[in-house]
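J.: Provided herewith is a single structure, encoded as structure tokens, for subsequent inquiry.
The values are calculated or read from the model by the stated rules, or taken from the named source; none is laboratory data. Owing to the predicted nature of the structure, the values given are computational and were not obtained by experimental measurement. We place every Cβ from the backbone using ideal geometry, glycine too, and count neighbours over all the protein chains shown. Accessible surface is based on the protein model in full, side chains and every heavy atom, while ligands, DNA and RNA are left aside. Shrake-Rupley method; radii C 1.70, N 1.55, O 1.52, S 1.80 Å.
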Amino acid sequence: MEALECIRERRSVRRFSDAPVTREEIKHIVDTARFAPTWKDSQTVRYMAVLDPALKGRIAAEGLMGFERNAQIVAGASALILLITLDGVSGYDKDGVPSTSKGSHWQSFDAGLAAEAFCLAAHEAGLGTVIMGVFDNDDVCRLAALPEGQSVSALIALGRPAETPAARPRKSVEELLIWR
């Protein structure tokens, strides 16, 4: 699949078939996503693949702030990917001083780049994803037993698509592009 085709055709998938995603498929996706750029090549993004139905269920029940739609998506996905970032690295010098006025903003920026790379690699592999942001970081970190100094930047449901969502209308280039 060509890069432009992948970018234009990838959609958020919220319904998945019962067919499992293999560990090898997840490794292949992460092997591709690891090339996403990061602040000063800090490579602070990590991926936790939650395959255990009991843990997925606990995250859905206790970590999604009561948002039932996301709980349903998590329950139907083969895997729940926790996109983890190391705190206090992106945007900071080695002594902990912010490198720019944006400070910790770069942690989220790096996570966004990694999430997009992960989703595009999954799409290229014939798998579906949806990035979810409605969750309680502290609860999900506790449930996933993450060490201190790490945060969950996003949850990504991963599975074999049971739907092919249509593209939503996009704004025109004229609406998006500013010339000076």
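J.: Given the residues LEU120, LEU127, which is the only one that is farther than 18 Å from GLY63 by Cβ, touching a Cys at 6+ places or on another chain (Cβ under 8 Å) and among the aliphatic types (A, V, I, L, M)?
T.: After ruling out the rest, the residue left standing is LEU120.
J.: Among all residue pairs at least 6 apart or on different chains, which show Cβ distances below 9 Å where the first residue, located in the stretch 36-57, is over 15 Å from HIS105 (Cα atoms) and the second is of a type in the set (Ser, Thr, Tyr) and modelled with pLDDT of 95 or more?
T.: Close Cβ pairs (under 9 Å, with a partner that is of a type in the set (Ser, Thr, Tyr) and modelled with pLDDT of 95 or more) amount to ARG46/THR85; LEU51/SER78.
J.: Considering only the stretch 117-145, state which residues are out of contact with any strand residue (DSSP E or B) (no Cβ under 8 Å at 6 or more places or on another chain), assigned to a helix (DSSP H, G or I) and surrounded by fewer than 16 Cβ atoms within 10 Å (Cβ to Cβ).
T.: ASP138, ARG142
J.: Right, another one. Just checking, does the stretch 156-175 include any residue being open to solvent by less than 50 Å² (accessible area, probe 1.4 Å), at pLDDT below 95 and under 20 Å from the mean Cα position of the chain (by Cα)?
T.: Yes: one or more hits.
J.: Now a separate question. Please enumerate the residues belonging to the stretch 76-117 that are farther than 22 Å from ARG46 by Cα, at pLDDT below 95 and small (Gly, Ala, Ser).
T.: SER99, SER101
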